[in-house]
1. Would you check which residues across the stretch 66-81 are surrounded by fewer than 19 Cβ atoms within 10 Å (Cβ to Cβ) and in contact (Cβ under 8 Å) with a residue 24 or more places away in the chain and list them?
2. Name every residue in the stretch 40-59 that is closer than 11 Å to Leu72 by Cβ and of a type in the set (Gly, Ala, Ser), in order of residue number.
3. For the stretch 16-41, how many residues meet the condition of being small (Gly, Ala, Ser) and either touching a strand residue (DSSP E or B) at 6+ places or on another chain (Cβ under 8 Å) or at positive phi (or both)?
4. Name the single residue, out of those in the stretch 93-144 being among the β-branched types (Val, Ile, Thr) and modelled with pLDDT under 95, that is farthest from Ile70 (Cα to Cα).
5. Residue check: is Ser33 of a type in the set (Gly, Ala, Ser) and either buried (at least 18 other Cβ atoms within 10 Å of the Cβ) or in contact (Cβ under 8 Å) with a residue 40 or more places away in the chain (or both)?
6. List, please: which pairs have Cβ atoms under 8 Å, are six or more places apart or on different chains, and start with a residue in the stretch 1-16 that is surrounded by 13 or more Cβ atoms within 10 Å (Cβ to Cβ) and end with one that is β-branched (Val, Ile, Thr)?
7. Pick from Glu138, Glu108: which is within 13 Å of the chain's Cα centre (by Cα), charged (D, E, K, R) and outside any strand (DSSP E or B)?
8. Pick from Gln129, Gln143: which is surrounded by fewer than 20 Cβ atoms within 10 Å (Cβ to Cβ) and out of contact with any strand residue (DSSP E or B) (no Cβ under 9 Å at 6 or more places or on another chain)?
Amino acid sequence: MTEKTAFYQSLTAQAQALCEGETNRIAKLANLSALLNLALADINWVGFYLCEPNSLVLGPFQGKPACVRIPLGQGVCGTAASTGQVQRVANVHEFSGHIACDGASNAEIVLPLSDGDTVWGVLDIDSPQFGRFDEEDEAGLTQWVAAVQPLL
């Protein structure tokens with residue numbers, strides 16, 4: 001087991017413990033964004049966007065003020081929500097249609113959150129470091145989301 005794999009397993013256990021016994025989704029998402037902000041190195045924004053008809057609306061987050069609404073299918077978040085696929089972008093300036101909420105962000109990973117086939121939100125993590133998120137980060141965060149989703 002790699003150091004990163006162990007890190008994400010520990011992070012998953014912490015996230016599950018934070019959600020235990022709480023029924024309010026927004027409260028859980030707020031604590032989860034705080035946990036990720038404290039645990040992940042070299043990030044400048046982490047949070048959730050929640051689906052509404054035709055757009056994503058800002059949910060709980062940690063970081064600078066952000067875009068409040070993102071049209072589905074636009075930007076990294078809107079693409080993840082509309083396709084249901086993880087978007088890992090090493091250089092956001094090369095992503096066609098990137099929506100820049102913070103000019104300091106250079107890399108981004110967005111993971112869709114779903115109830116079965118329906119995407120209800122996304123987890124968005126930005127970094128000022130180009131190429132910040134690698135395959136191990138994607139795998140670890142994908143497992144984190146899979147473990148936490150049923151608790152939301």
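1. Within the stretch 66-81, Ala66, Cys67, Gln74 meet the criteria.
2. The answer is Ser55, and nothing else.
3. Of the residues in the stretch 16-41, 4 are small (Gly, Ala, Ser) and either touching a strand residue (DSSP E or B) at 6+ places or on another chain (Cβ under 8 Å) or at positive phi (or both).
4. Thr118
5. In short, yes.
6. Listed by first residue and then by second, the contacts come to Thr12/Val148; Ala15/Val148; Gln16/Val148.
7. The unique qualifying residue is Glu138.
8. Within the list Gln129, Gln143, the selection yields Gln143.
The values are calculated or read from the model by the stated rules, or taken from the named source; none is laboratory data. No experiment lies behind these values; they were computed from the predicted model shown. No Cβ is skipped: glycine too gets one built from the backbone with ideal geometry, and neighbour counts run over all protein chains shown.
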